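Read the structure below first, then the notes.
The values are calculated or read from the model by the stated rules, or taken from the named source; none is laboratory data. Bear in mind the structure is a predicted one, so any value in this text is a computation, not a measurement. Glycine gets a Cβ as well: all are built from the backbone with ideal geometry, and neighbour counts include every protein chain shown. Heavy atoms of the whole protein, side chains included, go into the accessibility calculation; ligands, DNA and RNA do not. Shrake-Rupley method; radii C 1.70, N 1.55, O 1.52, S 1.80 Å.
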Amino acid sequence: MSPEWNAPGRPPIVEGVDGETPSMLKEKIIRQNNELQILFDISSAIHSSPRLEDVLEQSLIAILRTLQLKMGAIYLLKSDGEGGGTMVLAAQHGFSSTLVENIRSFHVGDGWMAAGRLKNPVAWLKREHLFFPALRERMAAEDIQEIIRIALFTHKGVLGLLYVANHGALQIRHDRREFLTTIGQQIGVAIENAQLFESVQRAKTELEISFDAIQHSIFLVEASGRILRINETTEKTYGPRERLLGKTYWEILYQTAEPPSGCPIRECLVSRRPVQKEGPHPRWGGFYRLYAFPVLNLSSQLERIVYYEKDETEARKLEQRLQQTERLQSLGTLAAGIAHEIRNPLATINFNAQMLQRELDLDDNQSQMLSDLIQEVRKIDNIVREVLNFARPREPQFLPANLNDIVRYCHNLSKVHIRKAKIDLSLDLDPSMPEIIMDADQIGQVVMNLMINAVEAMPHGGRMEVKTRVDDASDRVLLTVKDTGEGILPEDEGRIFDPFFTRKAEGTGLGLSLCRRILERHGAHIEVESQVGRGSLFRVVFPLTRRKNMPPLEETIN
């Protein structure tokens, strides 16, 4: 080491005396008792606590108390990986706070930790050889002539240094070098064990934090089927952990008396291989990915199962909306071209039919046939016009508007039709509704379409509820239209937003497709929940603020 404090120094020569007088024997017995007491106290300190700070502090106090010494310090090495490092004060006794600040750390040079240095792990250092001036002054004031430096080491190398002020009636002589080396090795082993324990505890803590931070439910299940451990997400989903731990997994996941067939945990227990499933959750529905992973011991015996649930319901809905948007864009472009090609010959047919009706002398049957022809041509033209509106809707005019006002306006327009259909309509509008940026006409078209669809779903009357809500927690505005009608067939739920899909005797099947297209231009989306024979609920979700830099409609379509 470069500092003088760590230089070996020149120890005083102490000669042994042949023969043992009673006083010498007494001194020897006292010394041996002290040494045994130190080793016992160090061993007690090592086993009393696994914490490194406790081991160092109690070991130091045991040495100083038994040897009746005033001052001592333990430094731990922070290696730089290149043969040197820094010795950092880790425990001390007998120093003032001011002195501690002056002896906080010191550098050790390259090669100091070479194996050859361990041949002399104990050194007696004279006061004048010490590196820190403040420490020399303190020793002079206490009339302390020397300090003993003891290397703290294991078979792997030096871990730190122990310094004790050598003074008092029980002054340590050079013939106790082997004993001091034993102390250094014993504390070194304790340091290594404590550092290993701390690294294991740190890894365990990091693992527990990561385990609880996972935003999906995780179960650790014993081979017997009992739940051994859960994370915080599981507790939020299934309930307090004291109600879950120790229960069988099928009680919690399936609420059954035994595991059902197709259970991923059961299959994993049988096959001892990872199992993956996907589909509706047995309790929550939606769309989930379910994983079961076997945990084998060193004897390849199955001990536990890690069961993992990943809720992908919203991701699935988003994926479906994106796919639907792509289909609508492609279909819109195609429909616009086809519609234009149809309108040209359709206009010729319509013109010629009207000319024939005016210029020819037709009997009643012939005149009726031409009238029917012209009427059907107009129906075709209306369909073509709707297709063009779907493919090329007008550019929205985004201005501040209140959703409640739009709902009331649509209600006024449709209340006669609703009354005739024997529909009991209730409006539940949030009075705290703020103005949001939207095209009021186009959103009115969406609201009107949803209300008319609800009426048509209740041919024999029923109840309709139109509700608005502000969700401050997620910065969203919600519009729901709920009916007690016939509901939607399960196989149709994924198709109702497809263009030209309809179960109505008359209709183009473009209404909901156009609604979804309008909402996408507003950064909003539409969801549906339905049960056959019990009714449907359509939920429109608006952001409180419109997306900035929206692309022109032509870019979206083309």
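Overview of values
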| read-out | value |
| --- | --- |
| Number of positions in region 123-175 that are among the small types (Gly, Ala, Ser) and in contact (Cβ under 8 Å) with a residue 60 or more places away in the chain | 5 |
| Matching option when the condition is open to solvent by less than 60 Å² (accessible area, probe 1.4 Å), basic (Lys, Arg) and part of a helix (DSSP H, G or I), among 202, 176 | 176 |
| Pair list, Cβ under 8 Å, 6 or more apart: region 356-383 residue over 23 Å from residue 511 (Cα atoms), other residue surrounded by 13 or more Cβ atoms within 10 Å (Cβ to Cβ) and of a type in the set (D, E, K, R) | none |
| Criterion: of a type in the set (Asp, Glu) and either at pLDDT 80 or above or under 29 Å from residue 526 (Cα atoms) (or both) - qualifying residue of 364, 381 | 364 |
| Residues satisfying the stated conditions in region 209-225, i.e. surrounded by 12 or more Cβ atoms within 10 Å (Cβ to Cβ) and free of Cβ contacts under 8 Å to residues at least 60 places away in the same chain | 211, 212, 214, 225 |
| When residues of region 280-308 are limited to those that are farther than 18 Å from residue 237 by Cα and outside any strand (DSSP E or B), the one most open to solvent (accessible area, probe 1.4 Å) | 298 |
| For residue 233: the one exception among (1) open to solvent by 80 Å² or more (accessible area, probe 1.4 Å); (2) touching a His at 6+ places or on another chain (Cβ under 9 Å) | (1) |
| Considering residues of region 155-188 that are in contact with an Asp or Glu (Cβ under 8 Å, 6 or more places away or on another chain) and closer than 17 Å to residue 71 by Cβ only, the residue modelled with the lowest pLDDT | 167 |
| In region 260-276, the residues that are surrounded by fewer than 18 Cβ atoms within 10 Å (Cβ to Cβ) and outside any helix (DSSP H, G or I) | 260, 261, 262, 272, 273, 274, 276 |
| Residue, nearest to residue 30 (Cα to Cα), within region 138-173, restricted to residues that are assigned to a loop (DSSP other than H, G, I, E, B) and of a type in the set (Val, Ile, Thr) | 172 |
| So residue 113, is it touching a strand residue (DSSP E or B) at 6+ places or on another chain (Cβ under 8 Å) and modelled with pLDDT of 85 or more | no |
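A quick yes/no check of all residues on (1) modelled with pLDDT of 80 or more; (2) among the basic types (Lys, Arg):
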residue	(1), (2)
316	no, yes
321	no, yes
336	no, no
360	yes, no
397	yes, no
411	yes, no
